[in-house]
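What follows is one structure encoded as structure tokens, with my remarks underneath.
The values are calculated or read from the model by the stated rules, or taken from the named source; none is laboratory data. Please read these numbers as outputs of a predicted model, since none were measured by experiment. All Cβ positions, even for glycine, are placed from backbone atoms using ideal geometry, and neighbour counts span all protein chains on display. Just the protein is used for accessible areas: all its heavy atoms, side chains included, with ligands, DNA and RNA removed. Shrake-Rupley method; radii C 1.70, N 1.55, O 1.52, S 1.80 Å.
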Amino acid sequence: MFQPNASSSLSEKENENNQKNLNLSQDKDYIVENIPVFSMKKDLENIDNPSYTNHSAAEISDTAQKNSEVLSEKEKKSPFLSQPAYQDISVEKTQKKTNWQLLILLSIFIFLFLASGAIIYYYSITKNSDKDTSISSETVPPKEEAIVFSIEKPNYLPMDIANSDSENARQAINKYAEKVLASGSLAPAEFIVIDLKNNPIGFGEFASKIGISFSPELLSSLETENKFSLFIYNSSNRARLGLVIDSKDDYKLKASIFQEESDLPEKLKPLLQNISFTTEKKSFSSGSYANTEIRYINLISPEDLTVDYTIYKNKLIIGTTKMTIQSIMDYIDNRPETKGVQDIIE
């Protein structure tokens with residue numbers, strides 16, 4: 001069997017191309033042959049004839065339209081006269097580019113939407129958390145400071161003496177008095193009054209702050225620069241106070257305090273916890289405890305409210321009930337000596 005070789009295939013393609021070129025050439029010849037040719041002969045002959053019409057321009061227009069239709073029909077059939085294929089590829093690329101741009105814009109929009117939602121959620125959670133914390137801090141009362149004290153050795157009672165007045169000082173003492181009373185202890189509790197830097201406060205400074213108005217002669221008989229002791233005692237379920245101050249000279253001290261004895265209830269009023277009393281038809285009397293003279297005045301009763309004082313073991317002792325001063329004297333007899341505030345804190 002005969003097999004066509006490459007040269008025969010090439011010959012057929014050449015014939016095909018030649019035939020197409022021939023058709024195209026014939027089409028162009030046809031268009032050229034059909035172009036009308038005009039002269040001015042008729043125009044010159046009919047120059048005096050007003051009814052003559054020049055048809056040259058109309059014929060040219062009709063011929064051109066026919067030739068255009070013929071050429072257009074040929075262009076549809078001819079692969080060489082048709083629109084190139086790369087135009088479709090360009091349109092497709094433009095469409096793809098537009099699709100990618102839309103996709104990118106859509107992605108950016110979704111990202112911004114999610115980011116804004118996350119930010120709004122974060123701030124709402126933070127605001128609610130702050131609000132809950134604020135409500136919690138307003139509704140929950142602050143934890144009360146725990147006051148622990150000993151009845152066997154001295155305690156310390158801190159006081160902002162620099163910024164306190166008589167009312168603040170009394171409130172600080174009353175806070176500790178309530179704790180001692182609530183404990184149910186029947187022994188007196190000793191407190192060394194200190195400032196916020198743990199330095200002992202002298203009796204002279206304390207007396208001026210709280211409002212105890214001893215005369216200068218009486219104060220000069222006391223160790224007003226040294227530490228002193230404030231006692232709180234549970235006397236028949238009533239918190240009563242007492243003082244222990246070192247004496248400089250017992251004899252001078254006894255003479256000074258005796259001279260202003262009648263004024264002691266008023267001068268010691270800050271220790272009497274705002275309890276109403278009267279001193280009319282009342283005066284100081286003498287008693288005895290532990291072989292020591294005690295001077296006293298019953299403002300209400302010996303168990304309720306008194307002013308008792310004595311000079312015992314080189315100390316001025318003041319109590320506001322009969323049992324208060326006697327319990328303090330017993331405590332002094334039995335307490336261990338302390339070297340300073342550091343021993344008390346430890």
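Within the stretch 276-287, does at least one residue satisfy the condition of being at pLDDT 95 or above, over 58 Å from the mean Cα position of the chain (by Cα) and among the hydrophobic types (A, V, I, L, M, F, W, C)?
Scanning the stretch 276-287, I find at least one residue that is at pLDDT 95 or above, over 58 Å from the mean Cα position of the chain (by Cα) and among the hydrophobic types (A, V, I, L, M, F, W, C), so the answer is yes.
If you go through the stretch 155-171, how many residues are in contact (Cβ under 8 Å) with a residue 60 or more places away in the chain and open to solvent by 80 Å² or more (accessible area, probe 1.4 Å)?
1
Conditions (1) touching a residue at least 24 places away in the same chain (Cβ under 8 Å); (2) among the polar types (S, T, N, Q); (3) open to solvent by less than 10 Å² (accessible area, probe 1.4 Å), marked per residue:
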position: Tyr233; (1), (2), (3): yes, no, no
position: Leu241; (1), (2), (3): yes, no, yes
position: Ser247; (1), (2), (3): yes, yes, no
position: Leu253; (1), (2), (3): yes, no, yes
position: Ile257; (1), (2), (3): yes, no, yes
position: Asp263; (1), (2), (3): no, no, no
position: Lys267; (1), (2), (3): yes, no, no
position: Ser276; (1), (2), (3): no, yes, no
position: Glu280; (1), (2), (3): no, no, no
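With respect to Ser124, is the statement that it is out of contact with any helix residue (DSSP H, G or I) (no Cβ under 7 Å at 6 or more places or on another chain), of a type in the set (S, T, N, Q) and either at pLDDT 90 or above or on the phi < 0 side of the Ramachandran plot (or both) true?
Spelling it out, Ser124 is indeed out of contact with any helix residue (DSSP H, G or I) (no Cβ under 7 Å at 6 or more places or on another chain), of a type in the set (S, T, N, Q) and either at pLDDT 90 or above or on the phi < 0 side of the Ramachandran plot (or both).
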